[in-house]
Amino acid sequence: MEHEIKKDVEKKSGLSKGELQKLLERWQKKLFLTEWDLKIQIVDFLRKDFRQSGNFVADLDKKTGVIQLSCNPFRDEEYILVHEMMHVVVWSLDSYAENAILKNHKEGDKVHGWYLEHLERMVDKLTAIALGREEKKYA
Ligand SMILES: [Zn+2]
């Protein structure tokens with residue numbers, strides 16, 4: 001589902017774009033994503049239903065991706081960055097599986113919802129492992 005966002009926002013709280021760029025380069029090596037051309041974009045997620053920290057847009061064939069991070073972060077930004085990068089790690093599996101599901105299910109139905117929720121849990125688990133942090137608790 002596409003939500004409107006404001007792109008390339010200049011003013012940002014928390015880490016600077018340069019600091020995030022350094023973290024991106026470090027984590028590209030750690031996550032074996034050096035063949036990817038990844039860029040950081042600071043955005044304002046305008047959606048009101050949900051406080052969003054990050055998003056990513058990737059092209060698997062070209063191995064390019066844009067990691068969108070909130071200009072107004074409210075959680076650990078390295079965690080958010082690594083979380084979005086972990087989506088790139090699992091992207092081929094994820095996009096193939098989601099496309100297969102959407103052939104037989106409507107977007108947002110029970111099966112698709114289950115898939116998205118469990119994808120997020122797995123990405124969070126992998127992110128916690130990579131960062132050596134405690135696992136996020138789900139209700
Ligand atoms: Zn995610």
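The values are calculated or read from the model by the stated rules, or taken from the named source; none is laboratory data. As the structure is a prediction and not an experimental result, all values here were calculated from the model. For neighbour counting, all protein chains shown are included, and Cβ atoms are generated from backbone atoms with ideal geometry for every residue, glycine included.
Got at least one residue in the stretch 12-22 being small (G, A, S) and within 16 Å of the ligand (Cβ to nearest atom)? No, there is no match, as no residue in the stretch 12-22 is small (G, A, S) and within 16 Å of the ligand (Cβ to nearest atom).
For the stretch 1-44, taking the residues that are charged (D, E, K, R) and in a loop (DSSP other than H, G, I, E, B), the one that is surrounded by the most Cβ atoms within 10 Å (Cβ to Cβ) is identified as K12. Number of residues in the stretch 1-46 that are of a type in the set (G, A, S), out of contact with any helix residue (DSSP H, G or I) (no Cβ under 8 Å at 6 or more places or on another chain) and in contact (Cβ under 8 Å) with a residue 60 or more places away in the chain equals 1. Screening H87 with (1) touching a residue at least 60 places away in the same chain (Cβ under 8 Å); (2) within 20 Å of G132 (Cβ to Cβ) gives one miss only, at (1). Taking the criterion of being crowded, with 18+ Cβ neighbours inside 10 Å and within 11 Å of the ligand (Cβ to nearest atom), the only residue of the stretch 89-104 that qualifies is D94. Candidates E107, E134: the one that is more than 16 Å from the ligand (Cβ to nearest atom) and within 30 Å of K17 (Cβ to Cβ) is E134. The residue of the stretch 110-124 that is nearest to L23 (Cα to Cα), among those that are within 11 Å of the ligand (Cβ to nearest atom) and not acidic (D, E), is V123. Of the candidates D94, D109, the single residue that is more than 28 Å from E134 (Cα to Cα) and modelled with pLDDT of 95 or more is D109.
Note on the stretch 101-120: residues that are farther than 24 Å from K136 by Cβ and in contact (Cβ under 8 Å) with a residue 60 or more places away in the chain amount to 1. If you go through the stretch 124-134 one residue at a time, do you hit one that is more than 15 Å from D76 (Cβ to Cβ) and modelled with pLDDT under 95? Scanning the stretch 124-134 turns up no residue that is more than 15 Å from D76 (Cβ to Cβ) and modelled with pLDDT under 95. Every test in (1) under 20 Å from H3 (Cβ atoms); (2) modelled with pLDDT under 95 is passed by L116 save one, and that test is (2).
Does D76 meet the test of being free of Cβ contacts under 8 Å to residues at least 12 places away in the same chain, within 16 Å of the ligand (Cβ to nearest atom), surrounded by fewer than 18 Cβ atoms within 10 Å (Cβ to Cβ) and of a type outside the set (S, T, Y)? Criteria met by D76.
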